[in-house]
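Asks: Sharing a structure, written as structure tokens. Questions coming.
The values are calculated or read from the model by the stated rules, or taken from the named source; none is laboratory data. On a predicted model such as this, the values are computed, not experimentally measured, just so you know. All Cβ positions, glycine included, derive from the backbone under ideal geometry; neighbour counts span all protein chains shown. Heavy atoms of the whole protein, side chains included, go into the accessibility calculation; ligands, DNA and RNA do not. Shrake-Rupley method; radii C 1.70, N 1.55, O 1.52, S 1.80 Å.
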Amino acid sequence: FTEELLEKIRAKGVEIIPVLLHVGLGTFRPVKVEDVSAHKMHSEYYNVSAEAAARINAVKAAGGRIIAVGTTSVRTLESLYHIGATLLNNPEATEEDLHVHQWQPYEMSAKAATTPVVEALQAIVAYLDKHSMETLHTSTQIIIAPGYESKIVKPMVTNFHQPQSTLLLLVSAFVHGDWQKIYNYALAHDFRFLSYGDSSLLIP
């Protein structure tokens with residue numbers, strides 16, 4: 001995404017909202033177990049400004065789509081939902097309480113799992129406002145694997161990932177397990193893989 005391309009995107013009426021996740025080496029650690037539940041996910045710190053949280057909330061409230069660019073953005077945005085759900089149950093939560101644990105999304109109560117996205121995001125905006133914070137600083141250990149239902153992100157732009165990676169698990173969850181068809185097409189047409197490779201637009 002060059003500045004020239006970003007300007008063309010903005011000219012089409014698309015709003016670009018930045019979020020920041022500090023990618024750790026754990027992102028590239030392969031999954032070496034047969035059962036993914038035995039894989040220990042790494043933690044990564046991320047920052048989301050109060051302005052960005054409010055703008056994301058406004059888009060969702062208006063019925064718009066959030067298109068994430070990169071798996072890091074997906075992890076950040078989906079973690080926001082789970083932080084919002086935590087705040088709705090515990091408005092006095094500390095920064096440590098807001099850490100999203102690896103299996104937290106899968107262990108939510110039925111009530112928490114159906115929390116409207118707009119309510120969850122509004123809880124974050126209210127929390128930051130209450131504490132006079134311009135930016136949310138916290139961490140996530142979220143693993144997005146088959147069975148995970150995306151709360152905030154719908155379409156996603158990402159590159160092609162290596163086998164046995166948690167990033168490929170994320171892609172599989174996003175396209176409801178239909179990743180092999182996509183990757184077979186990429187291999188058959190000599191697409192470039194990994195960080196400086198070709199990109200794809202995944203629409204669940």
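Asks: Only one residue in Ala38, Ala52, Ala62, Ala11 is among the hydrophobic types (A, V, I, L, M, F, W, C), surrounded by 16 or more Cβ atoms within 10 Å (Cβ to Cβ) and without any contact (Cβ under 8 Å) to a residue 40 or more places away in the chain. Which one?
Replies: Selected residue: Ala52, the only one of Ala38, Ala52, Ala62, Ala11 that is among the hydrophobic types (A, V, I, L, M, F, W, C), surrounded by 16 or more Cβ atoms within 10 Å (Cβ to Cβ) and without any contact (Cβ under 8 Å) to a residue 40 or more places away in the chain.
Asks: Further, regarding this structure: Output the number of residues of segment 149-178 satisfying the condition of being touching a Phe, Trp or Tyr at 6+ places or on another chain (Cβ under 6 Å) and farther than 17 Å from Asp198 by Cβ.
Replies: 4
Asks: Same structure again: Take residues that are within 18 Å of Ala93 (Cα to Cα) and tell me which of the strands (runs of 3 or more DSSP E) falling wholly in segment 111-204 contain 3 or more.
Replies: So the answer is 135-140.
Asks: Let me ask you something else. Is there a residue being among the polar types (S, T, N, Q), under 20 Å from Ala85 (Cβ atoms) and under 12 Å from the mean Cα position of the chain (by Cα) anywhere in segment 128-139?
Replies: no
Asks: Something else now. Residue pairs, Cβ under 8 Å, 6 or more apart or interchain, first in segment 191-204 and closer than 15 Å to Ala173 by Cα, second of a type in the set (Phe, Trp, Tyr). List them.
Replies: Leu202/Phe174; Pro204/Phe174
Asks: For Thr86, state whether it is open to solvent by 20 Å² or more (accessible area, probe 1.4 Å) and on the phi < 0 side of the Ramachandran plot.
Replies: Taking the combined requirement at face value, the residue satisfies it.
Asks: Considering only segment 96-138, state which residues are open to solvent by 70 Å² or more (accessible area, probe 1.4 Å) and touching a His at 6+ places or on another chain (Cβ under 7 Å).
Replies: Passing the criteria: none in range.
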